[in-house]
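Everything below concerns the one structure shown next.
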Amino acid sequence: MQLAWRRAVTETRAILAKASAAWARHGCPGTAECCQLAVTRRQPWLWPSEWKVLEERLKRDRRPLPGPREDGACPLLDAGGKRCTVYEDRPFGCRTFFCHRITGPAKVPADETNALLERLRSANVAADDRATPRAILDYFSCSPSSARSPGEP
């Protein structure tokens with residue numbers, strides 16, 4: 001991996017940790033409703049560095065990139081469709097999105113979340129000025145080489 005992308009991935013890991021900390025007082029019932037992408041018709045959008053974090057996780061776990069699920073849910077869910085198999089490395093949008101059953105304080109950490117999103121954007125643009133976020137299922141629907149960010153081998 002190019003040095004610029006290595007830096008972006010390192011920064012992304014720090015941002016993800018801060019996002020989890022910012023939202024630590026909030027929670028959900030753990031039903032994976034938000035992961036039922038065909039049902040919600042909403043997907044998290046990932047920057048290339050977030051995808052690289054997921055690729056690294058799958059490589060560490062010696063797992064291949066999963067294919068799309070027949071039910072349209074996130075391919076990273078377990079076979080039962082209730083648990084994320086990469087929870088510790090889940091993308092920013094998965095850490096900061098909650099369904100209508102959110103628990104915790106009434107005020108969400110919007111300012112901190114927006115600042116972290118800007119850091120995430122900056123980290124990716126620093127690695128490649130053409131970097132843009134893509135819907136998570138777009139990464140799964142293309143070949144491994146086309147899932148990479150522009151400019152990556």
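Please determine whether any residue of the stretch 125-141 is modelled with pLDDT under 90 and open to solvent by 50 Å² or more (accessible area, probe 1.4 Å). Taking every residue of the stretch 125-141 in turn, at least one turns out to be modelled with pLDDT under 90 and open to solvent by 50 Å² or more (accessible area, probe 1.4 Å).
Tallying residues that are touching a residue at least 60 places away in the same chain (Cβ under 8 Å), over 16 Å from Glu118 (Cβ atoms) and open to solvent by less than 70 Å² (accessible area, probe 1.4 Å) within the stretch 3-22 yields 3. The residues of the stretch 85-111 that are out of contact with any helix residue (DSSP H, G or I) (no Cβ under 7 Å at 6 or more places or on another chain) and over 19 Å from Tyr139 (Cβ atoms), listed by number, are Phe98, His100, Arg101, Ile102, Thr103, Gly104, Pro105, Ala106, Lys107, Val108, Ala110, Asp111. For the stretch 56-84, the set of residues classified as open to solvent by 20 Å² or more (accessible area, probe 1.4 Å), more than 14 Å from Ile136 (Cβ to Cβ), part of a loop (DSSP other than H, G, I, E, B) and not acidic (Asp, Glu) consists of Arg62, Arg63, Pro64, Ala79, Gly80, Lys82, Arg83, listed by residue number. Looking at the stretch 112-139 only, could you name the residues that are in contact with a helix residue (DSSP H, G or I) (Cβ under 7 Å, 6 or more places away or on another chain), over 21 Å from Gln43 (Cα atoms) and among the hydrophobic types (A, V, I, L, M, F, W, C)? If the condition is that a residue be in contact with a helix residue (DSSP H, G or I) (Cβ under 7 Å, 6 or more places away or on another chain), over 21 Å from Gln43 (Cα atoms) and among the hydrophobic types (A, V, I, L, M, F, W, C), then Ala123, Ala126, Ala127 are the ones that fit.
The criterion of being outside any loop (DSSP other than H, G, I, E, B) and at pLDDT 95 or above does not hold for Val39. Inclusion of Thr40 among residues that are open to solvent by 20 Å² or more (accessible area, probe 1.4 Å), in contact (Cβ under 8 Å) with a residue 12 or more places away in the chain and not hydrophobic (A, V, I, L, M, F, W, C) is not warranted.
Are any of the residues in the stretch 42-58 at pLDDT 90 or above and at positive phi? Checked the stretch 42-58: no residue is at pLDDT 90 or above and at positive phi.
In the stretch 125-153, the residues that are of a type outside the set (A, V, I, L, M) reach residues that are open to solvent by 20 Å² or more (accessible area, probe 1.4 Å) and at pLDDT 95 or above with C-beta atoms within less than 7 angstrom, at least six apart or across chains, in these pairs: Pro133/Trp45; Pro133/Trp47; Arg134/Trp45; Pro150/Arg130; Gly151/Arg130.
For the stretch 85-104, a residue qualifies if it is among the β-branched types (Val, Ile, Thr) and open to solvent by less than 20 Å² (accessible area, probe 1.4 Å), and exactly one does: Val86.
The values are calculated or read from the model by the stated rules, or taken from the named source; none is laboratory data. Keep in mind the model is a prediction, meaning the values are calculated, not measured. Backbone-built Cβ (ideal geometry, glycine too); neighbour counts: all protein chains shown. Heads up: the accessible areas ignore ligands, DNA and RNA and are worked out on the full protein's heavy atoms, side chains in. Shrake-Rupley method; radii C 1.70, N 1.55, O 1.52, S 1.80 Å.
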